[in-house]
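Handing you this structure, nothing more for now.
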Amino acid sequence: MKTLLQIQTSLFEANGQSSRLANHFAQEWLDANPDGRVVVRDIGREPVPHLTAERFQAFLAKPADRTPEQQVVAGFSDALIEELRAADVIVLGLPMYNFGVPSSLKSYFDHIARAGVTFKYTDKGAVGLLTGKKAYVVATRGGLYAGTPADSQTSYVRDFLAFLGITDVEFVYAEGLAIGEATRESALAKAREQIDVLTATEWKQAA
């Protein structure tokens with residue numbers, strides 16, 4: 001049974017445009033994979049704590065040496081990682097806030113990037129351990145940023161996922177959502193159409 005991990009990051013939770021598009025992706029994916037399952041991690045509704053020195057030390061400590069508090073922190077991180085490890089496909093709803101990714105996503109990334117667990121250091125550099133997965137990123141923006149120097153999200157998210165071993169990544173952009181109603185509706189419609197094509201392609205590849 002294939003598993004889709006749906007990661008939501010919108011401050012507006014299910015009402016955010018990125019969440020709605022990710023929901024559309026998940027439904028189309030389920031239609032193409034009726035035996036599959038969708039796991040939702042909504043870090044807009046349930047934020048991951050920001051990384052602190054204390055939390056980082058919990059990751060570094062050997063399991064047998066962890067305090068009860070450190071065990072809770074490490075256990076939370078372990079659960080996020082196992083959720084990601086179990087996924088065959090990932091869809092990330094990604095709004096742009098002040099030219100960057102939501103801070104909740106950065107916190108999530110900080111809790112799943114762990115040496116010896118999701119990546120390892122070698123004499124040739126870091127090697128990701130979460131290979132064999134496909135990721136889709138649904139990026140929603142108020143303005144027009146894709147392909148410009150102001151798009152800090154695309155390279156950051158692509159590089160981070162590659163760091164973990166996830167190198168097969170597709171981006172879907174819905175931009176200009178704050179420019180006007182006609183521009184917003186056109187951008188969202190095009191994004192939904194692209195999602196339909198991508199999920200249909202995924203189904204053909206899996207068949």
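Whether any residue in the stretch 137-151 is within 13 Å of the chain's Cα centre (by Cα) and within 22 Å of residue 2 (Cβ to Cβ) is what I want to check.
Yes, the conditions are met somewhere in the stretch 137-151.
Could I ask something else about it? Take residue 194 and tell me if it is in contact (Cβ under 8 Å) with a residue 40 or more places away in the chain, closer than 30 Å to residue 113 by Cβ and assigned to a helix (DSSP H, G or I).
no
Restricting to the stretch 13-35, and then to whatever is at pLDDT below 95 and in a loop (DSSP other than H, G, I, E, B), can you tell me which residue is most open to solvent (accessible area, probe 1.4 Å)?
35
Kindly check whether there is at least one residue in the stretch 133-142 that is touching a Phe, Trp or Tyr at 6+ places or on another chain (Cβ under 9 Å), part of a helix (DSSP H, G or I), touching a residue at least 40 places away in the same chain (Cβ under 8 Å) and among the β-branched types (Val, Ile, Thr).
Scanning the stretch 133-142 turns up no residue that is touching a Phe, Trp or Tyr at 6+ places or on another chain (Cβ under 9 Å), part of a helix (DSSP H, G or I), touching a residue at least 40 places away in the same chain (Cβ under 8 Å) and among the β-branched types (Val, Ile, Thr).
Continuing with this model, one more query. Sort out for me the helices (runs of 4 or more DSSP H) sitting completely within the stretch 42-116 that have 3 or more residues that are open to solvent by 30 Å² or more (accessible area, probe 1.4 Å) and farther than 15 Å from residue 8 by Cβ.
53-60, 68-85
Given the criterion open to solvent by 20 Å² or more (accessible area, probe 1.4 Å), at pLDDT 95 or above, of a type in the set (A, V, I, L, M, F, W, C) and not in a loop (DSSP other than H, G, I, E, B), identify the matching residue among 182, 187, 178.
Answer to the selection: 182.
Something else: Could you list all residues from the stretch 143-159 that are open to solvent by less than 60 Å² (accessible area, probe 1.4 Å), over 12 Å from residue 100 (Cα atoms) and either without any contact (Cβ under 8 Å) to a residue 24 or more places away in the chain or out of contact with any Phe, Trp or Tyr (no Cβ under 9 Å at 6 or more places or on another chain) (or both)?
143, 148
Exactly one condition in (1) surrounded by 17 or more Cβ atoms within 10 Å (Cβ to Cβ); (2) aliphatic (A, V, I, L, M); (3) not in a strand (DSSP E or B) is false for residue 200; which is it?
All conditions are met except number (1).
Please indicate, with yes or no, whether at least one residue in the stretch 1-12 is outside any loop (DSSP other than H, G, I, E, B), of a type outside the set (Phe, Trp, Tyr) and open to solvent by 20 Å² or more (accessible area, probe 1.4 Å).
no
For residue 169, state whether it is open to solvent by less than 50 Å² (accessible area, probe 1.4 Å), among the aliphatic types (A, V, I, L, M), more than 25 Å from residue 21 (Cα to Cα) and out of contact with any Ser or Thr (no Cβ under 7 Å at 6 or more places or on another chain).
no
To continue, here is another question. With respect to residue 139, is the statement that it is open to solvent by 40 Å² or more (accessible area, probe 1.4 Å), within 22 Å of residue 25 (Cα to Cα) and among the small types (Gly, Ala, Ser) true?
The answer is no for residue 139.
Still on this structure, please answer the following. Could you please give the count of residues in the stretch 123-146 that are out of contact with any strand residue (DSSP E or B) (no Cβ under 8 Å at 6 or more places or on another chain) and of a type in the set (Ser, Thr, Tyr)?
Looking only at that region, the number is 2.
Then there's this: Determine which single condition residue 129 fails, assuming it passes every other condition in (1) more than 27 Å from residue 20 (Cα to Cα); (2) open to solvent by less than 50 Å² (accessible area, probe 1.4 Å); (3) over 16 Å from the mean Cα position of the chain (by Cα).
(2)
The values are calculated or read from the model by the stated rules, or taken from the named source; none is laboratory data. Worth saying up front: this structure is predicted, and the values here are computed from it rather than measured. Ideal geometry is used to build each Cβ from the backbone, glycine not excepted, and the neighbour counts take in all protein chains shown. Side chains are part of the model used for accessible areas, which takes the heavy atoms of the whole protein and leaves out ligands, DNA and RNA. Shrake-Rupley method; radii C 1.70, N 1.55, O 1.52, S 1.80 Å.
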